[in-house]
Amino acid sequence: MKKYRGVFFVVAAFIMLFLCVPKQIKADTLTKYGMLPIYGVDVNDGEYPVSVRSETSFLEIIDSKLFVKDGEMEAFISVKKEDGEKYPYLYLGDAQQAEEGKENENKTVTVKSRSTEDADSVYEIPVSALDKEITCSFFDLQKQQWKTNRVLFEASSLPKEALDVELPDYKKIEDALNLYDKEREERAEVEKEAEPMAVDMEDGEYSIAVDCVGGSGKASVVSPTLFVVKDGKAYARIQWSSPNYDYMIVGKKKYLNENKDGGNSVFTIPVSAMDKTLHHIADTTAMGEPHEIIYAFTFYRDSIGAKGEIPQEAARKVVAIALIIIVGGGILNHFVKRRFSTL
């Protein structure tokens, strides 16, 4: 059965991840998303260095070792000698339970000092499970009161050969959750009302530089792009480097592709702010099924210039000049030939 435990832990962790995603976990928790308790039966007998996470820092942990035998685990935590003298007792339970002297399965542990005078102090803590918070209390000798503190011994800090189970990849889980939170925040930004901002410019057509970040990075938008001022309000004509975008969502409104000739997708959208990141959705069919992607757009106020600075407009000018040269050259050639023919 042991060979299946690793699969069980990974699957169970992702189930917990799925169930916990919509919820907020306390900021002061020592556990991580998807973390499951690892019990002594899944740890091979032996002595191992182990990392310990502590809720508070009134004790400076110097060293920590885990001892495992027949499925039972115990940790030895070394602290500075003076810390051990200041907090000479450890109780398995919270401060209230310690004050009330509740016994049950809890017990008080006296700090043990090593033989030499300058040695560290050591707490012995029974460990019910790794990757699980353990509530304990330390007695403050000076204040004559108990202090509650939670600790957690990390299974991932043990050597691989110590465990009979495969641990979930908590880094991947954390990255996935961060991505989920980021997308949720961006989606919230997208859904804000996005009305065109008022600009102190004459109505007309200009150019403006625009940055677009998001997706796989394969698609881009033309910059500078057409900047339109209409009734004192700002709009931008976004042209993609791909013909596969069928609509964009800006705020709560959908804008359809204006290019009906099969060329690269074009949209005229409101510019609600400049020099600030704006999150908009663009739907692409490049992957077969339609797929909405959140992009971050930034329009730069200082870049506003003449319409002729837009690459398409500049290309049109080049073509027009070339035509003038060709036509003019043809006419000149005609007259030159005619003159020489009369000589």
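Applying the selection to the range 177-210, what residues are of a type outside the set (D, E, K, R) and modelled with pLDDT of 80 or more?
Ala194, Pro196, Met197, Ala198, Val199, Met201, Gly204, Tyr206, Ser207, Ile208, Ala209, Val210
Name the single residue that is farthest from Gly84 (Cα to Cα) among those in the range 167-178 being free of Cβ contacts under 8 Å to residues at least 40 places away in the same chain and open to solvent by 90 Å² or more (accessible area, probe 1.4 Å).
Taking the candidates together, the pick is Lys172.
The rows are residues; the columns are (1) open to solvent by less than 30 Å² (accessible area, probe 1.4 Å); (2) among the small types (Gly, Ala, Ser); (3) under 14 Å from Gly251 (Cβ atoms).
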{"residue": "Glu189", "(1), (2), (3)": "no, no, yes"}
{"residue": "Ala198", "(1), (2), (3)": "no, yes, no"}
{"residue": "Glu205", "(1), (2), (3)": "no, no, no"}
{"residue": "Ala209", "(1), (2), (3)": "yes, yes, no"}
{"residue": "Gly214", "(1), (2), (3)": "yes, yes, no"}
{"residue": "Val221", "(1), (2), (3)": "yes, no, no"}
{"residue": "Asp231", "(1), (2), (3)": "no, no, no"}
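Do you know which of the residues in the range 146-166 that are touching a Lys or Arg at 6+ places or on another chain (Cβ under 6 Å) and either at positive phi or outside any strand (DSSP E or B) (or both) is least open to solvent (accessible area, probe 1.4 Å)? First the steps, then the outcome.
Of the range 146-166, the ones touching a Lys or Arg at 6+ places or on another chain (Cβ under 6 Å) are 152, 164-165.
Pick out the ones that are also either at positive phi or outside any strand (DSSP E or B) (or both) and you get 164-165.
Working: Asp164: 46, Val165: 14 Å².
The residue in question is Val165.
Restrict the check to the range 188-200 and report whether at least one residue is under 30 Å from Ala273 (Cα atoms), assigned to a helix (DSSP H, G or I) and of a type in the set (Asp, Glu).
The answer is yes; a qualifying residue exists.
Out of Met248, Met274, report the one residue that is at pLDDT 95 or above, under 21 Å from Glu189 (Cα atoms), not hydroxyl-bearing (Ser, Thr, Tyr) and not in a loop (DSSP other than H, G, I, E, B).
Numbers: Met274 fails: not in a loop (DSSP other than H, G, I, E, B).
Only one candidate qualifies: Met248.
Under 6 Å by Cβ, and 6 or more places apart or on different chains, what pairs join a residue from the range 277-296 that is of a type in the set (D, E, K, R) and open to solvent by less than 30 Å² (accessible area, probe 1.4 Å) with one that is modelled with pLDDT under 90 and not in a loop (DSSP other than H, G, I, E, B)?
Close Cβ pairs satisfying both conditions: none exist.
The values are calculated or read from the model by the stated rules, or taken from the named source; none is laboratory data. Quick caveat, the model's predicted, so the values are computed rather than measured. Don't worry about glycine lacking a Cβ; one is built from the backbone with ideal geometry, like all the others, and counts go over all protein chains shown. What goes into the accessible areas is simple: the full protein's heavy atoms, side chains included, and nothing from ligands, DNA or RNA. Shrake-Rupley method; radii C 1.70, N 1.55, O 1.52, S 1.80 Å.
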